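Single-structure report; data block below.
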Amino acid sequence: MVVRVIVRKNTYRDSVTLMKISNEASRLDGVSQAAVIMATPTNKQLLKDVKLLTDEAEKASPNDLIIALDAQNEEIMKSAISEVDRLLSARETAETEVLPKTLDSALRLMPDANLVMISVPGDFAKREALKALRKGLNVFLFSSNVPVEQELELKKISREEGLLMMGPDCGTAIINNIVLGFGNVVSQGSIGIVSASGTGLQQVSTLIHERGLGISQAIGTGGNDLSGTVGGIMMIEGIKLLEEDEKTQAIVLISKPPDPKIGEKVLEVASRCKKPVVVNFIGGEIDVIRKGGCVAATILEDAARIVCALVQGKKPEKTIFTIPKKRITSIANTESSKLSRMQKYIRGLFSGGTLCYETLVILAPLIGNVRSNTPLKPDYKLEDVNASKKHTCVDMGSEEFTVGRPHPMIDFTLRKRRIIQEAKDPETAVVLLDVVLGYGAHQNPAAELVPSIAEAKTAAEQSGRFLSVVASVVGTPEDPQDLRKQKRKLEEVGVIVMPSNAQAARIAALVVTRGAVEEKLFG
């Protein structure tokens, strides 16, 4: 075998482009491994894990491009390097031919546009967003790593100008039935959403769609909007906009627990709204929301269930599973009966940060505190994000995993490796996953995950153990990936697929405790 690692100084390509090139290069005959990546610390660790990290690559800066190849012989290596160069050049040429270079040139092509999507490195995000706001354009800012002080400045300007400033780090929005960033194909309808969470918005909107209703507008705010510094500016402006929107009959607010003072400020505005407002501050104080004059939802699924009932003029039903109890306990008992005595922990590997956080909120009263890189309590923060300890749920979409890499909804490389890693731990009982569909996400997530899940189950079996794998799929049958097809592929390799993230977490708790939490769940 021939190994070659090339460092190209100050050569930037976006992570999605590099992922596609890496995938195409790895499919070349005679190439066993291929990685075309930016030289970020996470990517260097990835190269080290597969024994492709050289001294030169170790010294490279995050602005440098690394081409790492493992081929059968020198002739194949030369051909592979040539093909990677061709792909890099082809992508650059295609982008030059299709995409305008500046905002001004884009507006010349689309003079009636009133919204701009921005996805640039965080260092340049403020500059580009300011250009757009000064031209009277609403902004969807996908970029992350933007200082919170800059976010505050941008949102103050947008408020003064009567414009939306969605982001920074805004992953999802649906404006006039058009998906921005990551999002799903959902029906148009009468429910408006303002969300500081991308995957939270996706879970609620798809569950609303499943119940036969639809979305009027879904406004993303970015994850820092309800911080003490930013002050909930965009969530408050979103409430006001939806109150004025004739198509909107009810509103849902979604966020992790906000800064207490900012939460009160948002609730005060929401309580004055002429339309019913359902508030889901995941893991937040329910009584505070109710005292604030709003309808409280504990988790994402509750938010969808309650707002649909309000719009339909019905009383919300109380349920923790949409599958009959007898069927749930049967599934859980079958899975847990195959576990060995040593298997006693849940290992959650999430692409959605809010889905991970919601799972922590659900599991804590059932099985105790769970360790995480985004824990409910500081004492349970993982010392090493790459190593699980006891019950663990990891948000693999957080910055320590995504700097210089595509989001795990797009690139499954790290998660696939982690599934195998968890399966080799004799104490792992359940691997808990989320699978997010829709625009922006991988075109066939199940096809990516199934081989690794099968390998993990086989590895456990060869060690005399059984590995339970539980998943939820966030999406709709109308998504490009087709919810039904994705579920079917996962179920074919023995995955227990549940209708929501919350239900997946609950059945995982039933399995890992051998049914001991049944009374807590069902009363």
Looking only at aspartates and glutamates whose Cα falls under 12 Å of Lys131's and that sit 8 or more positions away or on another chain, we get Asp104
Förster-model FRET efficiency, 22 Å R0, Lys424 and Arg341, C-beta, rounded to 0.05: 0.80
Mind listing the long-range amide H neighbours of Asn373? Cut-off is under 5 Å, sequence gap 5 or more, other chains count too, H placed in the peptide plane at 1.01 Å from N. Leu382, Asp395
For the chain, what is the calculated [θ] at 222 nm in deg cm²/dmol (nearest 500), taking -39500 (n - 2.57) for each run of four or more DSSP H residues and dividing by its residue count? -13500 deg cm²/dmol
Can you give the % of DSSP beta bridges in the chain that are antiparallel, to the nearest 5? 30
Which net charge results when you count Lys and Arg as +1 and Asp and Glu as -1 among the other residues whose beta-carbon is under 12 Å from that of Leu213? +2
Calculate the length of the line joining the C-alpha centroid of segment 99-136 to that of segment 417-492, in whole Å. 38
What does the highest-first list of 237-244, 322-329 look like by mean Cβ count within 10 Å? 237-244, 322-329
Filtered pair list for segment 2-98 (Lys only, Cα < 16 Å, 8 or more apart or interchain) has a length of 5
About the Cα centre, charge dipole magnitude for the chain (Lys/Arg +1, Asp/Glu -1 at Cβ), debye: 1340
Given Cα pairs under 8 Å that are at least 6 residues apart, what percent is the relative contact order of the chain? 11
Taking the simple approach of a point 7 Å from Cα along Cα-to-Cβ for both Arg4 and Tyr439, what is their distance in nm? 4.0
For every other residue with a beta carbon closer than 12 angstrom to the beta carbon of Val50, add +1 if it is Lys or Arg and -1 if Asp or Glu, then tell me the sum. +2
Packing rank of 157-165, 373-381, 350-358, where each peptide gets the mean count of other beta carbons within 10 Å, highest leading: 350-358, 157-165, 373-381
Please state the shape class of segment 2-98: rounded when a/c is under 1.5, otherwise prolate if a/b exceeds b/c and oblate if not, all from the C-alpha gyration tensor. oblate
Antiparallel bridge percentage (DSSP; both residues within segment 105-312; nearest 5): 20
Return the distance in nm (one decimal) between the two label points of a simple spin-label model at Glu246 and Glu161, each offset 7 Å from Cα along Cα→Cβ. 2.8
Here the residues of segment 67-89 lying in the modelled label zone of Glu24, meaning backbone nitrogen under 18 Å from a point 7 Å along Cα-to-Cβ, are 67-70, 77-89
Listed highest first by mean packing, meaning other Cβ atoms within 10 Å per residue, what order do 466-476, 17-27 come in? 466-476, 17-27
Computed from the beta carbon distance with a Förster radius of 56 Å, FRET efficiency for Glu268 and Lys485 to the nearest 0.05 stands at 0.80
Residue-span extension gain [Met110 to Asp259] - 0.36 nm each, minus C-alpha spacing: 49.7 nm
Long pairs among Lys156/Lys261; Lys326/Lys520; Lys256/Lys377; Lys424/Lys520; Lys344/Lys457, criterion Cα-Cα beyond 21 Å: Lys424/Lys520
So what is the relative contact order for segment 442-522, in percent, with contacts set as C-alpha pairs under 8 Å and at least six apart? 28
Across segment 240-256, in residue order, what do the Karplus-derived ³J(HN,Hα) couplings come to in whole Hz, using 6.51 cos²θ - 1.76 cosθ + 1.60 with θ = phi - 60° and x for Gly and Pro? 5, 5, 6, 5, 7, 6, 5, 7, 8, 9, 8, 10, 10, 10, 10, 6, 5
Test of understanding: what is the full-extension gain from Asp123 to Tyr12, defined as 0.36 nm times their sequence separation minus their Cα-Cα distance? 38.6 nm
Could you state the number of Å between the C-alpha centres of segment 382-411 and segment 1-67? 20
Relative contact order %, segment 105-312, counting alpha carbon pairs below 8 Å whose residues are six or more apart: 16
Label-point separation, Ser463 to Lys131 (7 Å along Cα→Cβ), nm: 5.2
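Only the coordinates and a few stated rules stand behind these numbers; no lab work does. Keep in mind that this is a model prediction, so the values were computed, not measured. Here the Cβ is made from the backbone with ideal geometry for all residues, glycine too, and neighbour counts use every protein chain on show.
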